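For reference, the structure discussed in these notes is given below.
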Amino acid sequence: MYRSSWKSFGYALGVHLGQSLNIFQEKQKKQQLEEAVNHRKRSSRLAMKESEREEARMIAQRQHEEEEKQSRAKRMEARHQREEMERLRREQAREQRRLEREAREQSRHAKTET
């Protein structure tokens, strides 16, 4: 009888331990799954933040490039205006010299006729 009670006890203990072990393993698996999901969420959030930082950096770089491009265009336009003003000034000076030369020639021509 002593042996049978130990067998019964051992059997009951094995059943209960097996069930307890299964419950423990299920809880552990569930906890690992939750940790994996949380890690994935965290990784996803970190990746999203990194992506946002990269996008902001690229936007800032594009804005800087656009500002630089506009600045170059303004400088080029100013240079073209200066060149055009200089060309007009030279053309007017040339025309003024031509008119003075014609006036002198007419004056000489008038003096020689008299």
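Rounded, prolate or oblate: which one fits the range 36-114, using the alpha carbon gyration tensor with axes a ≥ b ≥ c (rounded when a/c is under 1.5, else prolate when a/b beats b/c, else oblate)? The shape class here is prolate. For labels at residue 25 and residue 48 in the simple 7 Å Cα→Cβ model, what's the distance in nm? Computed distance between label sites residue 25 and residue 48 equals 3.7 nm. Cross-link partners of residue 69 among aspartates and glutamates, defined as those whose alpha carbon lies under 17 angstrom from its own and excluding same-chain residues fewer than eight positions apart: 77. Could you pull out every one of the aspartates and glutamates with an alpha carbon less than 19 Å from that of residue 41, ignoring same-chain neighbours closer than 8 positions? Once the sequence-local aspartates and glutamates are set aside, what remains near residue 41 is 50, 52. Grab the other residues whose beta carbon is less than 12 angstrom from that of residue 47, score K and R as +1, D and E as -1, and report the net. It works out to a net charge of +3.
Read-outs throughout are calculated quantities, based only on the coordinates presented, and are distinct from any laboratory measurement. Just so we're clear, the structure is a prediction, and the values are computed from it rather than from any experiment. When we count neighbours, we look across all protein chains shown, and the Cβ atoms used for this are built from the backbone with ideal geometry, even at glycine.
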